[in-house]
Each structure stands twice: as structure tokens, then as C-alpha cells.
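Everything below concerns the one structure shown next.
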Amino acid sequence: MDQRRLVERAREGDHDAFASLLGMCVARLDGVARLILRDPELARDAVQEAAIRAWRDLPGLRDPERFDAWIHRVVVRACLDLARHRRRRVTEVELLTLDGPSIPDVSVDVADRDLLDRALRRLVPEARAAIVLRYYVGMSVPDVAACLGIPLGTAKARLSRSLVAMRTTIETSPVAGDGTPVTAAPLPRRYA
């Protein structure tokens with residue numbers, strides 16, 4: 001069944017249709033929440049809160065074709081609400097056991113991801129949300145503005161300032177143990 005029909009059925013109160021809709025996008029929504037909140041437990045809470053809000057507010061969705069953008073907006077708002085109301089918490093690290101063959105050395109990739117993670121972590125949640133929606137979810141700048149409920153110019157400025165801040169963090173990063181600079185893939189210079 002196509003997404004439009006599922007949205008229409010869910011708006012009429014069909015729990016199974018709503019569960020199918022969430023099942024199709026929950027992994028991506030969890031990824032967005034993790035990137036914004038930087039905490040897997042808080043991210044799960046935000047996605048759960050967003051699911052409750054989405055079920056409650058779904059009848060108000062005017063265009064079923066815009067469900068994906070709408071559900072992302074609901075998740076981002078839930079993340080920002082949690083970020084505003086939470087106290088500083090220690091970030092928990094999940095350790096996963098690897099079963100299977102050993103993998104080749106990916107230390108450079110890990111260092112790059114760590115560097116980007118540190119740059120993202122230094123941003124305020126509102127700026128982090130804009131970066132995640134634009135570069136992780138792949139939304140256009142006008143869609144980012146609509147999702148965050150801010151004017152287009154504000155979204156462009158927020159993205160620009162965030163990229164500058166991330167570049168500064170990356171450029172002033174320490175060097176690796178062997179004396180070589182720790183580098184990451186360049187951030188895009190253009191935000192539109």
C-alpha cells in the first residue's frame with residue numbers, strides 16, 4: 001500500500017496504518033534525533049514523544065504527500081523541546097560486540113567521524129538541527145526553514161554560521177599521535 005493511502009487511513013484512526021508509516025521511517029528519525037541530541041537514550045525518548053504527537057496531530061496534516069517532511073518536523077521539535085528542558089547528562093557510550101571477520105584499518109575514517117562529531121557537539125541544538133536536516137536528511141534550505149518554523153533568511157544564516165563554527169572547530173583540532181594533522185572531509189562552502 002502506498003504512503004498516501006496509509007496516511008489517509010491513519011488519519012481516520014487506523015492504528016496499523018500508523019504503525020506501518022512509523023515503521024518505514026523510524027530508523028531515519030532515530031538517526032536525526034541522535035545527531036541533534038547526541039545521546040541515544042534521549043533520542044529514543046524524542047522519537048517516542050514525536051510518535052505520540054504525530055498520532056495526536058495527524059488529523060491536522062492537510063497534505064498526505066508531505067508526511068515525511070511533517071514527521072521530521074515533529075521529531076525535530078521534540079528534540080529541541082528535550083534539549084531545552086534537560087539538564088546536562090553524561091553521554092553514555094554503547095559498546096557493540098563485533099562478530100565475524102576482522103575489518104581493515106579504518107582509523108582515518110573513525111578520526112574524521114570523531115572530528116565531525118566534536119564539531120557538531122559544539123553547536124547549540126537549534127543550529128545542530130538545521131545542519132542535520134540539510135546535510136543528513138537532505139532537505140532543501142526552504143524545507144529546513146519550514147521544518148524549523150523559521151524564516152528562510154534565518155535558516156540560511158543559521159546554516160552559514162553553523163558551517164563556519166564547524167570549520168573553525170575542525171581547523172583548530174589537535175594533531176594525531178604521529179604528528180600529522182587530523183583532517184576530515186571538507187565541509188561544503190555553499191549552503192543553498
Every residue from segment 39-59 that is surrounded by fewer than 18 Cβ atoms within 10 Å (Cβ to Cβ) and within 16 Å of Cys147 (Cβ to Cβ):
Arg53, Asp57
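Condition check ((1) more than 26 Å from Glu49 (Cβ to Cβ); (2) modelled with pLDDT of 85 or more; (3) surrounded by 13 or more Cβ atoms within 10 Å (Cβ to Cβ)) across all residues:
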site	(1), (2), (3)
His85	no, no, no
Leu96	no, no, no
Val106	yes, no, no
Arg118	yes, yes, yes
Val137	no, yes, yes
Residue satisfying all of: in segment 1-59; within 13 Å of the chain's Cα centre (by Cα) and of a type in the set (Gly, Ala, Ser); farthest from Tyr135 (Cα to Cα) among these:
Ala46
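Condition check ((1) free of Cβ contacts under 8 Å to residues at least 24 places away in the same chain; (2) under 18 Å from Gly31 (Cβ atoms); (3) of a type in the set (Lys, Arg); (4) surrounded by 15 or more Cβ atoms within 10 Å (Cβ to Cβ)) across all residues:
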residue	(1), (2), (3), (4)
Pro125	no, yes, no, yes
Arg134	no, yes, yes, yes
Asp143	no, yes, no, yes
Arg161	no, no, yes, no
Met166	no, no, no, yes
Glu171	yes, no, no, no
Would you say Ala145 is among the small types (Gly, Ala, Ser) and more than 16 Å from the chain's Cα centre (by Cα)?
no
With the structure loaded, tell me whether Arg77 is modelled with pLDDT of 90 or more and either in a helix (DSSP H, G or I) or of a type outside the set (Phe, Trp, Tyr) (or both) or whether it fails that test.
yes
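The values are calculated or read from the model by the stated rules, or taken from the named source; none is laboratory data. This one's a predicted model, so the numbers in the text were calculated from it and none came from an experiment. Cβ coordinates were reconstructed from backbone atoms using ideal geometry, including for glycine residues, and neighbour counts include every protein chain displayed.
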